[in-house]
Amino acid sequence: MLGDIFDAKEGEKLFIKGEWEKHSTFGDQLKIDCCEKIVPTSRDNAVSMLSSGMIKGVGPSTARNIVDTLGTRAIEVVLEQPERLTEVKGIGEKKAKSISRKVAETYEAQKAVSFLVSLGVTPKTSYRIFKKFGRSTIDYVRKNPYCIVEVNQLGFYKADEIAANLGIKKDSPFRVKAGVHFMLNSALWDEGHTYLPKNELTDRVLKLLNKECECVSDKQVVQGVNTSGEIINHSWGVSLKWVFYSEARISKNIKRLCKKLSSIVPEPVLKCYEKKESIELTVGQKKAVEMALNYGFFILTGGPGVGKTATVKAVISTFKKIFPGAEIMLAAPTGRAARKLAEVSGVYACTLHKLLEIGRDSKPVKNKGNPLDCDMLIVDESSMLDIILDKNLTDALKSGTRVLFIGDIDQLPSVGPGNVLRDMLACKKIPRIELKEVFRQAAESQIIYNAHRINRGKNLLINEYKKDFFFLDREEPSEIVKAAVHVVKNLGYKSSDVQVLSPMKKGPAGTQELNSAIQKAVNPEGKEIQNTSLRLGDRVIQTRNNYNKKVFNGDIGIIKRVEDDRVFIQFNGHETEFNYKELNDVEIGYSITIHKSQGSEYRAVVIPLTTSHYIMLARNLIYTGITRAQEKVVLVGTRKALNIAIRNNKPVNRYTLLSIYLNKKGVKSIEG
């Protein structure tokens, strides 16, 4: 059979409706359209159903007593006259209510699922909706089908489809309010905006709702905004309430932390450090160390090769010398960034999720009431912080803790909502040092040299006698893909040391096309893994944090072994076991997007550039991609595409309130 049969227990009778289909391998298969449970009317079936394990505390013995007392139609009696359960020996009023509630829920679920399936919802999704709304599902959906957007992964378009099937008017207040929420959520998660100006929100909502006919007015949109309890209408625009207060909380926390704590002059300690390490810190680096020691909140920023790592090491060493026994914690937004921080600093570092003990429910154990117990916290790759993670982090920091954020403002902004680092740097009250002097040794690298040229809007300068930066001219996307594959195979590195970074996931030179081509070229004989596009020996990427396995979103690994229904993938030198279901979080990783590469470094990087990526071509995108490479960069594509990217220096314009909060006393809220 093909399709979903939910919550079915052994021994239950089902009514299944569907169509027979012919499969080339498995023969005749029944494609299920709908499935309903049949209320048992025989003694054995009733006993079997009651003792199936769905009702806590009802085993075979109790089930037989119920059926013997209430008769062969015991299930019907429980559904229609639940109070009669108290006639059964050993069942009191409390247990009777529990049994009747569970039995009723089973059959009410069937009714709700059948109702939703008739409206075009899949059985699996229908059951998720029922789990959200319970017995009232049918009433809720009939009255306001847009309520289903509260169910995770169900959106406005599906709700709109159901509403049309139910005959809900196109200008229904429920529809308008749902359209407003949909647009605010889309702006938040797809574009990073934490609010939308009122006129822009109105225009977006009208475009969404009036696609088929002019049925909704701007006044109705304003009414939809003003009548929603989950929206804040403020002086700058309109925000989802939880987002509005998250940015306000971050600002409050930063202002609380951002105080001068001491007046330490670290010069004598720094001289000893320089002598011991045989280095000479610049004036900017020394000033950064001094500010990190004396201020509760401090930002260290700068591009590649300017000595951020050396500064951090000096901060750690000096702080330990001045404050013996003090607790220093290091963290970063991703696992790869945390490992890189640990390698360069010589001090243990972890992900911010692990630091805050954020569980599967996304709630941190470390918070305002249970803060982090440290004297100094150093956070690397802070350009990757979104408002959710930053709010959780700053909530968990005690006043008096010294906090150092390290980041490069010229990299891509966070994937999640907000523009945290840029907003913080827009506030002149926050202590910061920007390191600008490129060290001579770093300047000899064409990677760093050209990264800074791109950042200044200048074209590449490639010395053909050096072997760390190349540009291969190719015009057609198919030729770009072919050349990228050739480079991966012939660059002189193991394929696991070469990362192809594409501006886009889809398209003729996107990661999907590149992964398929590279897999065929470098792993043609790899054993295919059941029901996946993966093969034994493939380079893969983890797409979700898995704290039990200590494998994190963005980690790159190699499939080493396949045994029965288990797959063993080597991440960071350790083999980790996955079952087939867990492979849903693993994708082919020969090529990934530049966005996905943030916080990571690779020995060699290959970047395809084509005008078909026009929508994504920007200076900070190419800059971020190039600076992921440690030893070698190969750009493959057209000079035109590269020039488009270099000229496009328009920063990602995100509507955010954090910089406003930080620079002013507050934002006047206009609610209602």
Next on the checklist: I'm checking my understanding of the structure. Among residues of the range 325-351 that are touching a helix residue (DSSP H, G or I) at 6+ places or on another chain (Cβ under 8 Å) and either part of a loop (DSSP other than H, G, I, E, B) or open to solvent by 50 Å² or more (accessible area, probe 1.4 Å) (or both), which one is modelled with the lowest pLDDT?
Outcome noted: T334
Checklist entry - Within the range 264-275, is there a residue that is in contact with a helix residue (DSSP H, G or I) (Cβ under 7 Å, 6 or more places away or on another chain) and closer than 25 Å to H193 by Cα? => result no
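How about the range 511-531: which of its residues are of a type in the set (S, T, N, Q), closer than 20 Å to V562 by Cα and touching a strand residue (DSSP E or B) at 6+ places or on another chain (Cβ under 8 Å)?
Let us first name the residues in the range 511-531 that are of a type in the set (S, T, N, Q), namely 511-512, 515-516, 519, 523, 530-531.
Of the ones still in play, those that are also closer than 20 Å to V562 by Cα are 519, 523, 530-531.
Matches in the range 511-531: Q519, N523.
Mind checking which residues of the range 488-501 are under 16 Å from R539 (Cα atoms) and touching a residue at least 60 places away in the same chain (Cβ under 8 Å)? Lay out the reasoning, then the answer.
Applying the first criterion (under 16 Å from R539 (Cα atoms)) to the range 488-501 yields 488-489, 493-501.
The answer is V488, Y493, S495, S496, D497, V498, Q499, V500, L501.
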Next on the checklist: For the condition among the hydroxyl-bearing types (S, T, Y) and crowded, with 22+ Cβ neighbours inside 10 Å, what is the one hit in Y127, Y195, Y157?
Outcome noted: Y195
Next on the checklist: Based on this model, can you work out whether S114 counts as open to solvent by 60 Å² or more (accessible area, probe 1.4 Å), hydroxyl-bearing (S, T, Y) and either farther than 26 Å from V58 by Cβ or in contact (Cβ under 8 Å) with a residue 12 or more places away in the chain (or both)?
Outcome noted: no
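Of these, K506, K494, K489, which one is of a type in the set (K, R), surrounded by fewer than 16 Cβ atoms within 10 Å (Cβ to Cβ) and either on the phi > 0 side of the Ramachandran plot or more than 31 Å from the chain's Cα centre (by Cα) (or both)?
From the options K506, K494, K489, the qualifying one is K489.
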Checklist entry - Pick from S228, S251: which is at pLDDT below 95, out of contact with any strand residue (DSSP E or B) (no Cβ under 7 Å at 6 or more places or on another chain) and under 30 Å from K391 (Cα atoms)? => result S228
Checklist outcome for this item: The residue from K259, K276, K287 that alone is open to solvent by 40 Å² or more (accessible area, probe 1.4 Å) and at pLDDT 95 or above is K287
Item to check | Residue in the range 429-438 that is modelled with pLDDT under 90, over 26 Å from T334 (Cα atoms), among the β-branched types (V, I, T) and open to solvent by 20 Å² or more (accessible area, probe 1.4 Å) present | outcome: yes
Checklist entry - When residues of the range 124-149 are filtered for being within 26 Å of V78 (Cα to Cα) and either aromatic (F, W, Y) or touching a residue at least 12 places away in the same chain (Cβ under 8 Å) (or both), how many remain? => result 12
Next on the checklist: I'd like the full set of residues that are assigned to a helix (DSSP H, G or I) and either among the polar types (S, T, N, Q) or open to solvent by 30 Å² or more (accessible area, probe 1.4 Å) (or both), limited to the range 198-211.
Outcome noted: K198, N199, E200, T202, D203, R204, L206, K207
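So, in the range 278-312, of the ones that are in a helix (DSSP H, G or I) and of a type in the set (D, E, K, R), which residue ends up nearest to the chain's Cα centre (by Cα)? Talk me through it step by step, then tell me what you get.
In the first step, residues of the range 278-312 are kept if they are in a helix (DSSP H, G or I); the result is 283-294, 308-312.
In the following step, the residues that additionally are of a type in the set (D, E, K, R) were identified as 286-287, 290, 308.
Working: K286: 37, K287: 36, E290: 36, K308: 27 Å.
For the range 278-312, the residue satisfying everything is K308.
Please return the ranges of strands (runs of 3 or more DSSP E) entirely within the range 512-630 where 3 or more residues are in contact (Cβ under 8 Å) with a residue 40 or more places away in the chain, of a type in the set (K, R) and open to solvent by 60 Å² or more (accessible area, probe 1.4 Å). Don't jump to the end; show me each part of the working.
On the way: elements: 539-542, 556-563, 566-571, 574-579, 586-588, 591-593, 602-609.
Fully inside the range 512-630 and qualifying: nothing.
Look at L166 and say whether it is in contact with a helix residue (DSSP H, G or I) (Cβ under 7 Å, 6 or more places away or on another chain), open to solvent by 50 Å² or more (accessible area, probe 1.4 Å), farther than 30 Å from L658 by Cβ and touching a residue at least 40 places away in the same chain (Cβ under 8 Å). Lay out the reasoning, then the answer.
Values: in contact with a helix residue (DSSP H, G or I) (Cβ under 7 Å, 6 or more places away or on another chain): yes; open to solvent by 50 Å² or more (accessible area, probe 1.4 Å): yes; farther than 30 Å from L658 by Cβ: yes; touching a residue at least 40 places away in the same chain (Cβ under 8 Å): yes.
Against the criterion (in contact with a helix residue (DSSP H, G or I) (Cβ under 7 Å, 6 or more places away or on another chain), open to solvent by 50 Å² or more (accessible area, probe 1.4 Å), farther than 30 Å from L658 by Cβ and touching a residue at least 40 places away in the same chain (Cβ under 8 Å)), L166 qualifies.
Take V151 and tell me if it is over 30 Å from S61 (Cβ atoms), of a type outside the set (F, W, Y) and touching a Gly at 6+ places or on another chain (Cβ under 6 Å). Step through it out loud before you land on a result.
Working: over 30 Å from S61 (Cβ atoms): yes; of a type outside the set (F, W, Y): yes; touching a Gly at 6+ places or on another chain (Cβ under 6 Å): no.
It is false that V151 is over 30 Å from S61 (Cβ atoms), of a type outside the set (F, W, Y) and touching a Gly at 6+ places or on another chain (Cβ under 6 Å).
Looking at K354, K320, K368 in this structure, which one is surrounded by fewer than 18 Cβ atoms within 10 Å (Cβ to Cβ) and not in a helix (DSSP H, G or I)? Outline the logic, then answer.
Numbers: K354 fails: not in a helix (DSSP H, G or I); K320 fails: not in a helix (DSSP H, G or I).
Testing whether each residue is surrounded by fewer than 18 Cβ atoms within 10 Å (Cβ to Cβ) and not in a helix (DSSP H, G or I) leaves just K368.
Do you know which residues across the range 631-653 are assigned to a helix (DSSP H, G or I) and either open to solvent by 10 Å² or more (accessible area, probe 1.4 Å) or touching a strand residue (DSSP E or B) at 6+ places or on another chain (Cβ under 8 Å) (or both)? Spell out the reasoning first.
Pass one, the range 631-653, residues assigned to a helix (DSSP H, G or I): 639-647.
R639, K640, A641, L642, N643, I644, A645, R647, listed by residue number.
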Item to check | V265, sole failed condition from (1) open to solvent by 80 Å² or more (accessible area, probe 1.4 Å); (2) among the β-branched types (V, I, T); (3) modelled with pLDDT of 95 or more | outcome: (3)
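Counting just the residues of the range 217-234 that are assigned to a loop (DSSP other than H, G, I, E, B) and closer than 15 Å to M183 by Cα, which one comes out most open to solvent (accessible area, probe 1.4 Å)? Write out each step before concluding.
Keep residues of the range 217-234 that are assigned to a loop (DSSP other than H, G, I, E, B), which gives 217, 227-230.
From the residues that got through so far, the ones that are closer than 15 Å to M183 by Cα too are 228, 230.
Values: S228: 15, E230: 119 Å².
It comes out as E230.
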Item to check | Residues of the range 601-626 classified as under 18 Å from S478 (Cβ atoms) and among the small types (G, A, S), total | outcome: 1
Next on the checklist: With the structure loaded, tell me whether A178 is part of a helix (DSSP H, G or I), of a type in the set (A, V, I, L, M) and over 21 Å from G229 (Cβ atoms) or whether it fails that test.
Outcome noted: no
Checklist entry - Out of the range 483-507, which residues are under 18 Å from A645 (Cα atoms) and outside any strand (DSSP E or B)? => result P503, M504, K505, G507
Checklist outcome for this item: In the range 344-358, anything of a type in the set (V, I, T) and touching a Gly at 6+ places or on another chain (Cβ under 9 Å) is listed as T351
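Among the helices (runs of 4 or more DSSP H) lying completely within the range 23-94, list those that include at least 3 residues that are modelled with pLDDT under 70.
On the way: elements: 43-50, 60-70, 74-80.
Correct list: 43-50.
Among the candidates F323, F298, F319, which residue alone is touching a Pro at 6+ places or on another chain (Cβ under 8 Å), of a type in the set (F, W, Y), under 24 Å from L356 (Cβ atoms) and in contact (Cβ under 8 Å) with a residue 12 or more places away in the chain?
Working: F323 fails: touching a Pro at 6+ places or on another chain (Cβ under 8 Å); F319 fails: touching a Pro at 6+ places or on another chain (Cβ under 8 Å).
Answer to the check: F298.
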Item to check | Failed item, numbered, when L377 is tested on (1) over 27 Å from V306 (Cα atoms); (2) modelled with pLDDT of 95 or more; (3) not in a loop (DSSP other than H, G, I, E, B) | outcome: (1)
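The values are calculated or read from the model by the stated rules, or taken from the named source; none is laboratory data. Since the model is a prediction, treat every value here as computed from it, not as a measurement. Backbone-built Cβ (ideal geometry, glycine too); neighbour counts: all protein chains shown. These accessible areas exclude ligands, DNA and RNA; they are computed on the full protein's heavy atoms, side chains included. Shrake-Rupley method; radii C 1.70, N 1.55, O 1.52, S 1.80 Å.
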